[in-house]
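A short worksheet on the structure shown next.
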Amino acid sequence: MKPVPVSPSNDRLRIGARLRAARQRQGLTINQVAASAEVTKGFISRIERDETSPSVATLVTLCEVLSLPIGTLFESPRTDVVRKDDAPNIQLAGAGADERLLTPRGQARLQLIRSVIDPGGTGGPELYTLNCELEVLHVLEGTIDVVFSSGTERLGPGDTLTFSGREPHSWMNPDGHHGAEVLWVIAPAPWDTSA
């Protein structure tokens, strides 16, 4: 059997940005990382700009300093597309709204929901909470009233309201003749058990 030669890819592996992002997330300076890894500041800078490649031993040391699993440097970036016609229909609360989940179901860090709300549509007469840290409501079209125990906030096109999902609330389209369209951002997703 004749072996088939395999040529390496011409695409150079770029790990510098991932190392820099890990360093910055932890609030570490290049000097601190260089001192901990026992290399020079300039070497760290060149690695982060993908101008040089560290040895395997140095890369392992950098990952230990940054508490970064070495495998994450080589993972392909994940992208998910939810097509408009494939967005699952969900019902968070109330009636009179077509609510579509625009983020993948497996995305626990954040949910994006598009709601098309009928005239008079409502989240229900009772205030409710969600198991999330944050809700953001952005109005694309129409008018939405967000009801809290302390009062009501009226939002129009282009308005955005940010509040804790654990704050009792409800919503309604007060217009009896025109619908509304809104985007809800919920973080983390209500089913995320770490919330």
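Before moving on, here are some points about what is shown:
- Of the strands (runs of 3 or more DSSP E) entirely within segment 113-155, those holding at least 3 residues that are in contact (Cβ under 8 Å) with a residue 12 or more places away in the chain occupy 134-141, 144-148.
- Filtered residues of segment 51-94 (kept if surrounded by 12 or more Cβ atoms within 10 Å (Cβ to Cβ), within 30 Å of Val146 (Cα to Cα) and more than 18 Å from the chain's Cα centre (by Cα)): Ile90, Leu92, Ala93, Gly94
- Members of segment 25-79 that are assigned to a loop (DSSP other than H, G, I, E, B), among the β-branched types (Val, Ile, Thr) and within 30 Å of Thr103 (Cα to Cα): Thr79
- When we screen Gly158, Gly176, Gly142 for residues that are surrounded by fewer than 14 Cβ atoms within 10 Å (Cβ to Cβ), farther than 18 Å from Val82 by Cβ and at pLDDT 95 or above, the only hit is Gly158.
The values are calculated or read from the model by the stated rules, or taken from the named source; none is laboratory data. If you're wondering where the values come from, they're calculated on a predicted model, not measured in any experiment. Ideal geometry is used to build each Cβ from the backbone, glycine not excepted, and the neighbour counts take in all protein chains shown.
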